[in-house]
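What follows is one structure encoded as structure tokens, with my remarks underneath.
The values are calculated or read from the model by the stated rules, or taken from the named source; none is laboratory data. None of the values given here were measured: they were computed from a predicted structure. Using ideal geometry, Cβ is built from the backbone for each residue, glycine included, and neighbour counts are taken over all protein chains shown.
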Amino acid sequence: MMTRTCLLALALLLATLPLHAQNVEPEQSVVTPEKSQRIERLLEVTGALNIAKMMSEAVTRQMTNAISQARPDIPAEAMNIVAEETNAVISEAMVAKGGFIDLIIPVYAKHFSTDELDALIAFYESPVGSKTVRVMPQITREAMQIGQAWGQSLGPTIVERVKVRFEEKGYQL
């Protein structure tokens, strides 16, 4: 009887171990107030919070285009209201409880230790880090243009190779 009880207890313990293991978080994913402050600082120095500005611009463009098409009689200067309100709503929602910053902090916490956050902040506060933040949007735009042209240049080759393979298999486009 004693062995049976021990085996049952051992089986229950082993069955629950994976559950306990899943609930144990590594140091990186623990979000202390200090780590949260470091992440917010990193978001600030990297310009990551400028995403709000980009979102506002995109939403404003979509809304003003839709309004202009639906109601061409509304004056263009009235579209400033769209931009002002869009910017206000997105800016408020970024810092609100449960807003974008609160949602993104655990993602950074999962991937970076406190020491790594400190190193990243030090880098982005350095002259070369500041320059990186300043020029990265332009580099990204230029790289996207180059990538788009490069991808388009590959289009005919891809189409030709797909056609050949289709013909080999008896498929027709």
### Query
Is it the case that Ser91 is over 27 Å from Pro137 (Cα atoms), polar (S, T, N, Q) and either at pLDDT below 90 or within 18 Å of the chain's Cα centre (by Cα) (or both)?
no
## Note on the structure
Going through (1) closer than 25 Å to Ser56 by Cα; (2) not assigned by TED's automatic domain parsing to the domain that holds Ile39 one by one, Gly147 fails only at (1)
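For (1) exposed (fewer than 12 other Cβ atoms within 10 Å of the Cβ); (2) more than 29 Å from the chain's Cα centre (by Cα); (3) at pLDDT below 85, each residue gets a yes or a no:
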position: Val45; (1), (2), (3): no, no, no
position: Ala52; (1), (2), (3): no, no, yes
position: Met55; (1), (2), (3): no, no, yes
position: Thr64; (1), (2), (3): no, no, no
position: Arg71; (1), (2), (3): yes, yes, no
position: Glu85; (1), (2), (3): no, no, no
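Against the definition (surrounded by 12 or more Cβ atoms within 10 Å (Cβ to Cβ), within 22 Å of the chain's Cα centre (by Cα) and either modelled with pLDDT under 95 or not in a helix (DSSP H, G or I) (or both)), how does Met144 come out, yes or no? Step through it out loud before you land on a result.
On the way: surrounded by 12 or more Cβ atoms within 10 Å (Cβ to Cβ): no; within 22 Å of the chain's Cα centre (by Cα): yes; either modelled with pLDDT under 95 or not in a helix (DSSP H, G or I) (or both): yes.
Considered against the rule, which asks whether it is surrounded by 12 or more Cβ atoms within 10 Å (Cβ to Cβ), within 22 Å of the chain's Cα centre (by Cα) and either modelled with pLDDT under 95 or not in a helix (DSSP H, G or I) (or both), Met144 comes out as no.
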#### Entry: Selection count where residues are over 18 Å from Arg38 (Cα atoms) and surrounded by 12 or more Cβ atoms within 10 Å (Cβ to Cβ), scope the range 87-104
5
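Kindly check whether there is at least one residue in the range 163-172 that is loosely packed, with under 12 Cβ neighbours inside 10 Å, assigned by TED's automatic domain parsing to the domain that holds Pro33 and farther than 16 Å from Lys53 by Cα. Steps first, answer last, please.
Going residue by residue through the range 163-172, those that are loosely packed, with under 12 Cβ neighbours inside 10 Å are 164-165, 167-172.
Pick out the ones that are also assigned by TED's automatic domain parsing to the domain that holds Pro33 and you get none.
No, every residue in the range 163-172 fails to be loosely packed, with under 12 Cβ neighbours inside 10 Å, assigned by TED's automatic domain parsing to the domain that holds Pro33 and farther than 16 Å from Lys53 by Cα.
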### Query
Only one of Asp102, Asp115 is among the acidic types (Asp, Glu) and within 19 Å of the chain's Cα centre (by Cα); which?
Asp102
### Query
Applying the selection to the range 105-153, what residues are in contact with a helix residue (DSSP H, G or I) (Cβ under 7 Å, 6 or more places away or on another chain) and among the aliphatic types (A, V, I, L, M)?
Ile105, Ala109, Leu117, Leu120, Ile121, Val133
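Of these, Ala96, Ala78, which one is closer than 28 Å to Val30 by Cα and without any contact (Cβ under 8 Å) to a residue 40 or more places away in the chain? Quick ask: steps written out before the conclusion?
Details: Ala78 fails: closer than 28 Å to Val30 by Cα.
After applying the criteria, what remains is Ala96.
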